[in-house]
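See structure below.
The values are calculated or read from the model by the stated rules, or taken from the named source; none is laboratory data. Everything numeric here is computed off the predicted structure, so don't read it as measured data. No Cβ is skipped: glycine too gets one built from the backbone with ideal geometry, and neighbour counts run over all protein chains shown.
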Amino acid sequence: MTDADVDLSIGQYLEDGTAILRVFSDSPRLEAELLMGLVLRKPRSYLHAWPEQLLSPEQAELYERLLRRRFAGEPIAYMTGIREFWSMPLKVTPAVLIPRPETELLVEKALLRLPEDEDQRVLDLGTGSGAVSLAIARERPRTQVIGVDISLDALEVARGNARLQKIDNVEFRESDWFDAVRGEKFHVVVGNPPYVAEDDPHLLRGDAQFEPRLALDAGAGGMDSFRAILERAHNYIVRQGWLLLEHGPTQHLPLRRLLEAQHYHDITVHKDAAGHDRVTECRFVE
Ligand code: GLN
């Protein structure tokens with residue numbers, strides 16, 4: 001007979017893990033399963049098929065270590081190295097922001113501005129893991145997408161994701177905003193730039209505390225990157241082309257004022273699934 005305290009089954013460990021993670025996670029069971037999947041190097045379906053299988057002492061120890069790391073706040077996506085975006089499993093590392101579900105709204109709205117049967121050019125500002133660029137490129141094979149980022153480590157992740165997804169109508173360039181696309185014009189410019197205020201406590205909590213500050217922090221009021229982008233964006237958009245930016249729920253009005261002071265018309269704000277103002281789009285008119 002094995003000692004029940006030492007040799008627990010997959011199912012029992014999952015229950016324990018779920019109970020521990022419930023304290024701070026919205027999806028404790030899923031997270032416990034993802035961590036168990038890492039330990040066993042198996043998909044979640046395996047855990048459902050073999051709940052009675054016992055863990056070896058080494059596996060149990062590893063599982064407990066992972067649970068402790070998660071309990072200390074480490075993002076599950078950095079532990080598994082994967083986050084799904086637009087139904088694509090993408091590689092993520094601590095060099096990139098973990099793609100958020102609400103950013104799919106930015107993709108959705110950009111696609112509405114990109115006819116399927118035209119060869120258009122898209123620029124994605126601050127591409128990070130490449131999530132937005134890759135989703136657009138996959139949905140619009142005739143479009144040429146350029147994703148730029150100032151972080152070389154992020155670009156390496158983005159290029160890896162393009163290879164993983166076998167998407168070749170996308171190119172990633174190292175660039176401080178528009179530096180690496182001088183002289184080029186785009187039909188659609190999109191961006192999910194940093195937009196969190198530097199003193200926002202959100203930066204010290206949850207996944208954000210482990211994410212690159214460079215991808216989140218946009219100075220006092222969180223408007224620095226919008227200002228930097230809008231100083232130059234008009235040089236890179238074709239006449240009647242579109243600019244779409246993701247932003248925080250309270251930034252729509254200040255952003256709108258910046259856009260109105262420039263050459264932009266048809267300014268529309270779109271709400272995300274949680275009802276927050278999240279994406280503003282507008283048209284460039286000289
Ligand atoms: N929505 C992200 C967050 O709340 C912020 C993303 C960004 O700054 N681009 O953590």
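Listed here are the residues, each with its yes/no results for (1) small (Gly, Ala, Ser); (2) at pLDDT 95 or above; (3) within 15 Å of the ligand (Cβ to nearest atom).
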site	(1), (2), (3)
Arg213	no, yes, yes
Gly219	yes, yes, yes
Asp224	no, yes, yes
His234	no, yes, no
Val238	no, yes, no
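A quick yes/no check of all residues on (1) of a type in the set (A, V, I, L, M); (2) under 21 Å from Pro89 (Cβ atoms):
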position: Asp7; (1), (2): no, no
position: Gln12; (1), (2): no, no
position: Thr18; (1), (2): no, no
position: Leu30; (1), (2): yes, yes
position: Ala60; (1), (2): yes, no
position: Tyr63; (1), (2): no, no
position: Leu67; (1), (2): yes, no
position: Ala72; (1), (2): yes, no
position: Ile76; (1), (2): yes, yes
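Checking the condition touching a Pro at 6+ places or on another chain (Cβ under 8 Å), buried (at least 19 other Cβ atoms within 10 Å of the Cβ), closer than 22 Å to Ile82 by Cα and of a type in the set (Gly, Ala, Ser), which residue from Ala154, Ala208 passes?
Checking each option against the conditions leaves just Ala154.
Keeping to the stretch 177-205, report how many residues are exposed (fewer than 15 other Cβ atoms within 10 Å of the Cβ), over 25 Å from Glu281 (Cβ atoms) and either charged (D, E, K, R) or touching a strand residue (DSSP E or B) at 6+ places or on another chain (Cβ under 7 Å) (or both).
Looking only at that region, the number is 2.
Looking at the stretch 152-185, which of its residues are among the polar types (S, T, N, Q) and within 16 Å of Leu90 (Cβ to Cβ)?
Within the stretch 152-185, Asn161, Gln165 qualify.
Looking at the stretch 67-75, can you tell me whether even one residue there is free of Cβ contacts under 8 Å to residues at least 60 places away in the same chain and under 21 Å from the mean Cα position of the chain (by Cα)?
Yes, the conditions are met somewhere in the stretch 67-75.
Filter the stretch 191-229 down to the residues that are part of a helix (DSSP H, G or I) and small (Gly, Ala, Ser) and list them by number.
Ala208, Ala215, Ala220, Gly221, Gly222, Ser225, Ala228 - these are the residues of the stretch 191-229 that are part of a helix (DSSP H, G or I) and small (Gly, Ala, Ser).
Restricting the first residue to the stretch 200-211 and requiring it to be touching a residue at least 40 places away in the same chain (Cβ under 8 Å), which pairs with a second residue that is within 10 Å of the ligand (Cβ to nearest atom) and part of a loop (DSSP other than H, G, I, E, B) meet a Cβ separation below 8 Å and a spacing of at least six or different chains?
Hits for this filter: Asp207/Ile98; Glu211/Leu97; Glu211/Ile98.
In the stretch 209-256, what residues are of a type in the set (Ser, Thr, Tyr) and closer than 24 Å to Ala273 by Cα?
Across the stretch 209-256, the qualifying residue is only Thr250.
If only one of Arg138, Arg121 is without any contact (Cβ under 8 Å) to a residue 60 or more places away in the chain, of a type in the set (Lys, Arg) and buried (at least 17 other Cβ atoms within 10 Å of the Cβ), which one is it?
Arg138
Yes or no: Val23 among the aliphatic types (A, V, I, L, M) and surrounded by 21 or more Cβ atoms within 10 Å (Cβ to Cβ)?
So Val23 fails the test.
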